[in-house]
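Right, one structure below, let's go through it.
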Amino acid sequence: MALFENLSSKLSSIANKMKGKSRVTESDINEMMREIRLALLEADVNFQVVKDFVDDISEKCKRVEIFESLTPGQQIVKVVNESLTEILGKTSGKITVSPSGFTVILLCGLQGAGKTTMAAKLGLFLKKKGKKPMLASVDVHRPAAAKQLEILAEQSKLMSFIMPSENDAVEIAIKAVDRARYMLCDTLIIDTAGRATIDRAMMQELKEISNTVNPTEKILVVDAMIGQEAVNVAKAFDEKIGISGFIMTKLDGDARGGAALSIFKTTGKPIKMIGVGEKVDDIEEFHPERMASRILGMGDVLTLIEKATERFDEKKAKEALNKLNVNKFTLDDMLAQFEEVS
């Protein structure tokens with residue numbers, strides 16, 4: 001993942017040096033802490049998060065229990081991995097479903113964070129999970145945003161609702177709820193307006209929309225490339241409307257990772273989803289333990305298994321097997337098999 005490439009390179013190098021040690025001294029631990037601190041600060045992680053993280057690891061390393069199956073160095077790396085998982089969120093934060101059977105998800109964020117595209121990605125993701133979502137735009141400040149959402153919905157075969165002639169965002173939100181219920185949708189994803197900077201009018205509009213539609217989820221879409229500034233943005237939105245979690249976008253970019261590593265620890269709100277590419281299906285549930293393993297260069301086998309499972313077509317596999325049994329397996333069939341695992 002490009003986002004953590006530089007940080008991952010440094011931390012995995014630190015981890016590899018420790019893994020092979022059959023004896024770990026206090027000097028080794030102090031040197032590792034110094035290198036970790038520098039790597040995180042260079043990755044634009046919030047200073048207080050870095051301080052707490054290093055202090056936490058230092059304390060755990062002093063009282064670490066060495067298991068027979070692990071060398072002292074491996075055990076220290078295990079401690080780092082667990083602490084990294086904790087600052088990323090401890091447990092996965094899934095999208096909450098309303099017990100009423102009708103879930104409203106309000107997406108908010110600054111202009112350019114990727115809210116509109118993420119609305120379509122999230123809609124398609126939920127559709128694959130068996131939901132019946134509708135997308136709605138209440139952005140009355142940038143008419144092109146509503147049209148963009150409509151086009152993305154059409155491309156993804158999702159229902160959408162826009163009112164280009166209406167200038168009241170709250171009125172559009174009310175009508176969107178009515179339309180989604182009428183179409184027997186169980187999920188409504190509302191794409192709100194963004195601004196270049198946080199302003200009073202923007203927050204007031206969001207607050208009125210939120211109070212009117214009473215969303216199950218109020219999710220802040222955050223551009224991973226803004227670094228630890230994401231912390232200030234998150235705190236401002238949370239203070240005004242009370243967000244329930246985050247979606248991180250542009251994790252396929254060349255940002256240093258500060259936003260993802262700072263935002264949960266400073267707000268207490270989980271990262272629920274991550275955008276990992278430009279395609280409409282480039283979205284994943286966020287798993288802190290898997291991300292920690294990626295950052296430390298340990299890979300993410302579980303995510304690879306899930307992706308392979310999504311792409312595996314059991315019916316095609318059976319057809320290919322039948323062709324093999326009767327000697328009718330062609331080069332085209334072989335190409336199809338390769339595409340399944342590519």
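The table below lists the values:
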item	result
Verdict on E166 being over 20 Å from the mean Cα position of the chain (by Cα) and not in a loop (DSSP other than H, G, I, E, B)	no
In the stretch 39-53, the residues that are more than 17 Å from V79 (Cα to Cα) and open to solvent by 80 Å² or more (accessible area, probe 1.4 Å)	E42, F47, Q48
Residues of the stretch 222-251 satisfying the condition of being among the polar types (S, T, N, Q) and over 12 Å from S262 (Cα atoms)	S244, T249
Test result for S156, more than 23 Å from the chain's Cα centre (by Cα), over 30 Å from K62 (Cα atoms) and among the hydroxyl-bearing types (S, T, Y)	no
Among residues of the stretch 126-150, those that are in contact with a strand residue (DSSP E or B) (Cβ under 9 Å, 6 or more places away or on another chain) and either open to solvent by 80 Å² or more (accessible area, probe 1.4 Å) or not polar (S, T, N, Q) (or both), counted	15
Residue count for the stretch 270-279, restricted to those that are open to solvent by 50 Å² or more (accessible area, probe 1.4 Å) and either touching a residue at least 12 places away in the same chain (Cβ under 8 Å) or in contact with a Leu (Cβ under 8 Å, 6 or more places away or on another chain) (or both)	1
Some residue of the stretch 197-204 being charged (D, E, K, R), modelled with pLDDT under 95, assigned to a helix (DSSP H, G or I) and open to solvent by 10 Å² or more (accessible area, probe 1.4 Å)	yes
Given (1) open to solvent by 50 Å² or more (accessible area, probe 1.4 Å); (2) in contact with a Leu (Cβ under 6 Å, 6 or more places away or on another chain), index of the condition T116 fails	(1)
Test: G123 is open to solvent by less than 30 Å² (accessible area, probe 1.4 Å), under 21 Å from the mean Cα position of the chain (by Cα), small (G, A, S) and modelled with pLDDT under 95	no
Residue pairs meeting the criteria (Cβ under 6 Å; at least 6 apart or on separate chains; first under 25 Å from D281 (Cα atoms) and modelled with pLDDT under 70, in the stretch 311-335; second of a type in the set (D, E) and part of a helix (DSSP H, G or I))	R311/E340
Qualifying positions in the stretch 205-222 - surrounded by fewer than 18 Cβ atoms within 10 Å (Cβ to Cβ) and free of Cβ contacts under 8 Å to residues at least 60 places away in the same chain	K207, E208, N211, T212
Evaluation of R256 against (1) open to solvent by 80 Å² or more (accessible area, probe 1.4 Å); (2) modelled with pLDDT of 75 or more; (3) part of a loop (DSSP other than H, G, I, E, B) (one fails), failing number	(2)
Test: residue in the stretch 153-167 that is in contact with a strand residue (DSSP E or B) (Cβ under 8 Å, 6 or more places away or on another chain) and touching a residue at least 60 places away in the same chain (Cβ under 8 Å)	no
Within the stretch 175-196, tally of residues that are more than 19 Å from A113 (Cα to Cα), open to solvent by 20 Å² or more (accessible area, probe 1.4 Å) and out of contact with any helix residue (DSSP H, G or I) (no Cβ under 6 Å at 6 or more places or on another chain)	8
Filtered residues of the stretch 83-97 (kept if touching a strand residue (DSSP E or B) at 6+ places or on another chain (Cβ under 8 Å) and open to solvent by 20 Å² or more (accessible area, probe 1.4 Å))	S92, K94, I95, T96, V97
Residue check for D238: among the charged types (D, E, K, R), under 21 Å from V49 (Cα atoms) and in contact with a strand residue (DSSP E or B) (Cβ under 6 Å, 6 or more places away or on another chain)	no
Total residues in the stretch 225-253, condition in contact with an Asp or Glu (Cβ under 8 Å, 6 or more places away or on another chain), part of a loop (DSSP other than H, G, I, E, B) and modelled with pLDDT under 90	4
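The values are calculated or read from the model by the stated rules, or taken from the named source; none is laboratory data. Predicted model, so just to flag it, every value in this text is computed and none were measured. Backbone-built Cβ (ideal geometry, glycine too); neighbour counts: all protein chains shown. SASA here: full protein model, heavy atoms, side chains in, ligands and nucleic acids out. Shrake-Rupley method; radii C 1.70, N 1.55, O 1.52, S 1.80 Å.
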